[in-house]
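Every number in this text was worked out from the coordinates using simple rules, so none of it is lab data. Treat the numbers as computed from the prediction; the structure is a model and nothing was measured. For neighbour counting, all protein chains shown are included, and Cβ atoms are generated from backbone atoms with ideal geometry for every residue, glycine included.
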Amino acid sequence: MVGQNQKKTFFRAMLYLLPALVIIAVFVVYPMFHTLRMSVYEDFNIFSKEGSGFGLSSYIWVLQDPNFHKALANTFIYAIVTVPVSIALSLVIAILLNSGIKGSKFFQTAYFLPYVTNAIAIGLAFRFIFHSEFGIFNKFLGLFGIDAIQWLNDPDWAMFTLCIFGIWSALAFKIVIFLAGLQGIDPQLYQAARIDEAGKWKQFIKITVPQLGPILAYQFVIATIGAFKAYVEVVGLFGDDGPLHSATTMVYYMYDKFYNANRYTIAAASGVIMFLIIMVFTFIQMHMSNRRADQ
Amino acid sequence: MKKTLVTLLCILCAAFAFANGAGESAAASTVDTSDITADDLRNANITLELWHAQTSENGIAMDMVVDLFNKTNEYGITVNATCQGGYTDCHNKIVSALAAGTAPNIGQAYNNNMMTYMPSGKLMDLTGYLNDGFGITAEELATVVPSYLEENRAFPDGKTYATSLGKSTEVLFYNKTFFDEHGLEVPTTYEELADVAKQITAITGRPSVGFDSMDNLGIYGPVNFGAQYADPQGNLYIFDENNIDATMDFYRWWQEGIQGGYFRTAGEDSYCSGPFSNGTIIAYIGSSAGTAYILPDGFEVGVAYAPVGKNPAVIQQGGNFCGFATGDPLVDLATSIFLEFMYDAEASGLYAANTGYAPSNKAGLETEAYKASIAAGGIGPAAKDISATYPDGVLAYDPVFENSYETRLALSDIVEAIALDKNADIESLIAEAERTIAAL
Amino acid sequence: MDNNPNRIQNKYTRALVFILLLLGSLVMLFPFFWMISGSLKTIREITSPEIIWWPEEAQWSNYAEVLTMKTNPFGIYFKNSILVAVANTVFTLFTTILAAFAFSRLEFKGRDKLFSILLATMMVPSQMYIITNFITITRMNLYDSLWAQIIPYTASVFYIYLLRQFFNQIPDQIYLAAKVDGCSDWKYLWKMMVPNAKSSLVTIGLFNFIASWNAYLWPLMVTGNINKRVLSIGLQYFASESGTAYHLMMAGATIVVLPLIIIYLLFQKYIIQGIARGGLKG
């Protein structure tokens, strides 16, 4: 009886999932396997879809390539810096926007606009902000007697600049998601807390964070995946991968190998390695957030 | 867990089988047009697809050339041209379409990208077509810029796979007002360039001469100092015992310019035209086609031949056109006729007149349209005319071979590293580049 | 407004928050401002390395030039962009609602595993898919159609995951109570879950619309005919290998962004209801 019931639920669930699963299977999963297949050859004819030299030589090549090591290190730095900072900032901003401040509607629009602004316009604006001689940043620092920093020219500063840009560009999306999430919190919870005379901080810890739990988990997982896949940000800011490839990332590496160097098997192997790395991270995060949810 | 794994493996195998589906034989196309007559072509009423990478005004000029072909070709061939974004987009699209079996008849691409179309077996070998009774005649071919013809057969197998319509080259842009004021001579050699740069920097107190493209400098710097770069078979000569001295001479010359504070790169400005326009730098070497962005702030701009070294070499740049075989001899012949039309005097003259490119056929210089565009005056036409009148033998191009993209990048990195770090150790930079190239 | 439980009571704190938000909004708005000011500059002003906050003389002709180009018909692009983005958003919301419900409320075997596998698919950069998907679309005979631009993006793990999280925020008791009352899953989903998740659905719809509106590479890949192309491709027209006509591109970009802002303003009240809504009406 129970078994039959289970089968029935499974069948019903599949009906709900069918439209999404079909599309994802055809346009995401199938190409993924194609990538996997390309990666296990030394050479792959993309036109006849035939590979030669079956084996792991592409993986070995990628793992020995110093440029890939640099891309890997940069990507980790980028993720470790931008994910927590952008989430914390956007959560604070969302809460402030939600606190009935005067002009909050204007502010909400203002904080959302970067999301619709043309990527090239954003790139141009930031190149002006960071320009060593004419940029606003250096002019501002100059007021305090700080020497001009070569934000975009100096390989040692490139990652720092990229992180600032990455945090900025990640904010708008997260703020809107947090705002939508805050809408789901029952206001009676806060009213009850006020009757108990709980302070703002206590309300934040005891009500906002737990209530936002699922959304917060989502933001972390998605932000981490997004940070590991950083590419548009790099090209938007530098036009390429920065002075002497100093701001190269894993996806930039993969893209360059695929579309510029046309070394398909190398690109595919680096894509699979990336996939595995992100997957491990995501599962750790999911596991942690599930455990917290269980407590 | 085990079950999941098994399921996954099954899906995987199925996907492999599926992905393996459409295999196409990779046979090189052979030419035999001897049985085909002009009437056969006319009766076939052939329509060809052309994918190009020319946007804005260049795209309009491209359409003019296609219109001219459609109106004047005696075989009733019609070409449909579509802009497919920039070169990268157009290339991506051609690769995908070749894989899907829906390639256009004609594509515009850089020659190193054409290399990657070769395994499809569809890239048309034009060697035979160029000399057949259709399209361009031997007489017309004789006035095509020789180095364009050479570039289009600088593939590993030495066959011709492409034709060109127009190209830009590097030229020297200088602040004429400043030069006149301080009685400076326009440099024609690398030596003079360094001397002038030093003099200007002594006046302005900041770097005075810019180099737009590290990619170009990475190869043609050493070449101008007498080194040989590489051959189409992928043999790299630039660091071998016969060439290393010349190559080192160039790196030291470049490093002295950086240490002396008189040379610079575009860096954060992306192109030197910006800092040149507002007077930050006084001269720069850049593309003859990029003049729309030179907007001088109260000074007169001069354009001159790019300075050269003892082995004069100035890069010609821009995409070329290639054909994709369909297997139908009539259609393929029509494709070759259009490709040869790119070398036509009228066609290349018309294109050059409406863009910043030099015509592929020297007879194009004599067309009314081209002459009128030069007579109109201005920085653009001046640069275009300079690029169109380099003496034979000065214009140079990169041979393409497997990994030529990455090799170029590794050489570009050396000059960029020297520019970024005044105290860069040249020997170790060379060693690093050699390691990178050897690993490819 | 006073019944807003999140309202900051202290007058000075409120002023401080206001100033902080104002400063922050300047930082956020700068690129947007730069786009508009750039759209009114001459090419000389926009390529100058020095900062020109606002053009000496606003070049409205940039807009006229962009809108009247015969070789780059913004009117046709506009119509196609609307069709593609609307169809895409409607289909995506449909598949997302169904899938998120299944993952959030239906206790079926292998649910978590299936969800993990779906999540994993998000981790391969989409740049790797393009050639394979191009072949698939060509085999479906959809090349050069609006459908080719719509179909591949009508399901998204990204949004399914997001909506699942929003659905998870809705207390389970309501679901269980409804089941006891004999309410079917289907009816419960559309009568209870969807209305309660309105702000999140609007958010998802909005983001999907924007993503579809701004998509560039894929629409370019699957279209050859200018009559099937969308706005984002028209924008790229101003970039060429010898440089970019930034002033025209910024004018074009401003035109492209305008509808998105209008849509945002129309739907803003659903995303942010100023807490007055009063949480869940269970």
Subject >> Residue-count net charge about residue C:145 - beta-carbon cut-off 15 Å; Lys, Arg +1, Asp, Glu -1 >> reply: +3
**OP:** Would you mind checking which residues have amide H under 5 Å from residue B:317's amide H? H placed 1.01 Å from N; only 5 or more apart, or other chain.
**Re:** B:168, B:169
Original post:
If the label point is 7 Å along Cα→Cβ of residue B:423, which residues in the stretch B:226-269 have backbone nitrogen under 17 Å from it?
Top reply: B:255-256, B:258-261
Original post:
Using 1/(1 + (r/R0)^6) with R0 = 35 angstrom and r between the beta carbons of residue A:194 and residue A:10, what's the FRET efficiency to the nearest 0.05?
Top reply: 0.15
Original post:
Can you give the angle from 0 to 90° between the axis of helix C:11-39 and the longest principal axis of chain C, with both taken from C-alpha atoms, to the nearest 10?
Top reply: 50 degrees
Original post:
At a Förster distance of 56 Å, what's the computed FRET efficiency of residue B:37 paired with residue C:76, Cβ-Cβ distance as r, to 0.05?
Top reply: 0.85
Original post:
What is the local net charge at residue C:222, summed over the other residues whose Cβ is closer than 14 Å to its Cβ (Lys, Arg +1; Asp, Glu -1)?
Top reply: +2
Original post:
Hey, rough spin-label estimate for residue C:177 and residue C:14, points 7 angstrom out along Cα→Cβ, what's it come to in nanometres?
Top reply: 3.5 nm
Subject >> Anisotropy class of the stretch C:70-237 from Cα gyration tensor, a/c 1.5 cut >> reply: prolate
**OP:** Given the peptides B:68-75, B:372-379, A:205-212, B:402-409, arrange them by the average over their residues of other C-beta atoms within 10 Å, most packed first.
**Re:** B:402-409, A:205-212, B:68-75, B:372-379
Original post:
Other chains' Cβ within 10 Å of C:11-24 residues: what's the mean?
Top reply: 4
Original post:
How high is the relative contact order of the stretch A:59-294, given as a whole-number percent (alpha carbon pairs under 8 Å, six or more residues apart)?
Top reply: 29 percent
Subject >> Relative packing of peptides B:308-318, B:85-95 - highest average C-beta neighbours within 10 Å first >> reply: B:85-95, B:308-318
Original post:
Relative contact order (percent) for chain C, with alpha-carbon contacts under 8 angstrom and 6 or more residues of separation?
Top reply: 32 percent
Subject >> Value of [θ]222 nm, deg cm²/dmol, for the protein assembly as shown, DSSP H segments ≥ 4, -39500 (n - 2.57) each, nearest 500 >> reply: -18000 deg cm²/dmol
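Given a Förster distance of 41 Å, report the FRET efficiency between residue A:141 and residue C:265 from their Cβ-Cβ distance, rounded to the nearest 0.05.
Values: r = 37 Å, r/R0 = 0.90.
So, using R0 = 41 Å, E works out to roughly 0.65.
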Subject >> Violating pairs (Cα-Cα greater than 29 angstrom) within the set A:202/A:229; B:310/B:422; A:202/C:191; C:109/C:179; A:7/A:49 >> reply: A:202/A:229; A:202/C:191; A:7/A:49
**OP:** Could you list which residues have their amide H under 5 Å from that of residue C:129, counting only those 5 or more apart in sequence or on another chain, with H placed in the peptide plane?
**Re:** none
**OP:** Normalising by the residue count of the stretch C:70-237, find the relative contact order in percent from Cα pairs under 8 Å and 6+ residues apart.
**Re:** 47 percent
Subject >> Shape category assigned to the protein assembly as shown from the gyration tensor of Cα positions, a/c cut at 1.5 >> reply: prolate
Subject >> In sequence order, calculated HN-Hα J values of the stretch A:127-138 (Karplus, 6.51, -1.76, 1.60; Hz; x Gly/Pro) >> reply: 5, 6, 4, 8, 4, 5, 9, 9, x, 5, 4, 5
**OP:** Give, as ranges by residue number, the residues of the stretch B:282-309 whose backbone N falls under 11 Å from the point 7 Å along Cα→Cβ of residue B:177.
**Re:** B:296-301
Original post:
Say each of residue B:191 and residue B:368 gets a label point 7 Å from the Cα, pointing the same way as Cα to Cβ; how far apart are those two points in nm?
Top reply: 4.8 nm
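By the gyration tensor of its Cα atoms, with a ≥ b ≥ c the square roots of the eigenvalues, what is the shape of the stretch A:59-294: rounded for a/c under 1.5, prolate for a/b over b/c, or oblate?
Taking the square roots of the gyration eigenvalues as a ≥ b ≥ c, the stretch A:59-294 is oblate.
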Original post:
Under a 5 Å amide H to amide H cut-off, with H placed in plane at 1.01 Å, what residues pair with residue B:286 once short-range neighbours are removed?
Top reply: B:171, B:173
Original post:
For the pair residue C:51 and residue C:258, how long in nm is the line joining their label points, each one 7 Å along Cα→Cβ?
Top reply: 2.9 nm
